[in-house]
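Let me begin by presenting the structure, written as structure tokens, before commenting on it.
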Amino acid sequence: MTIDQKISQYTRRLPPSLQEELFDFVQYLLMKAEQQERREWFSLSLCSAIQDMEDDPNLYTLEDIKVNFS
């Protein structure tokens, strides 16, 4: 018996109110998994973007980014 079949079998035995609660929990787990996947892709993307930047020459100094309001 597959996990899908086992879950379905147990779910059918629950009263409707608990089936709804289980459905809400499944939606929560899906949202949590999607957020984790987005965080992992963001981290990978950021790492790829800055890869080898430490070898680049410094084009600007702190003086270049200071704003003079006087």
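The values are calculated or read from the model by the stated rules, or taken from the named source; none is laboratory data. As the structure is a prediction and not an experimental result, all values here were calculated from the model. Glycine gets a Cβ as well: all are built from the backbone with ideal geometry, and neighbour counts include every protein chain shown. Each accessible area value is taken on the protein alone, full model and side chains, heavy atoms only, with ligands, DNA and RNA left out. Shrake-Rupley method; radii C 1.70, N 1.55, O 1.52, S 1.80 Å.
Examine segment 18-38 for a residue that is among the polar types (S, T, N, Q) and either in contact with a strand residue (DSSP E or B) (Cβ under 7 Å, 6 or more places away or on another chain) or modelled with pLDDT under 95 (or both), and state whether such a residue exists. Yes, segment 18-38 has at least one match.
Answer yes or no: is there a residue in segment 5-14 that is among the charged types (D, E, K, R), open to solvent by 100 Å² or more (accessible area, probe 1.4 Å) and part of a loop (DSSP other than H, G, I, E, B). Can you show your working first?
Keep residues of segment 5-14 that are among the charged types (D, E, K, R), which gives 6, 12-13.
After this cut, where a residue has to be open to solvent by 100 Å² or more (accessible area, probe 1.4 Å) as well, the list is 12-13.
Within this subset, residues satisfying the condition of being part of a loop (DSSP other than H, G, I, E, B) are 13.
Looking through segment 5-14, at least one residue is among the charged types (D, E, K, R), open to solvent by 100 Å² or more (accessible area, probe 1.4 Å) and part of a loop (DSSP other than H, G, I, E, B).
Cβ separations smaller than 8 Å between residues 6+ apart or across chains give the following pairs from segment 22-38 residues that are under 15 Å from I7 (Cα atoms) and free of Cβ contacts under 8 Å to residues at least 24 places away in the same chain to residues that are assigned to a helix (DSSP H, G or I) and open to solvent by less than 90 Å² (accessible area, probe 1.4 Å): L22/T11.
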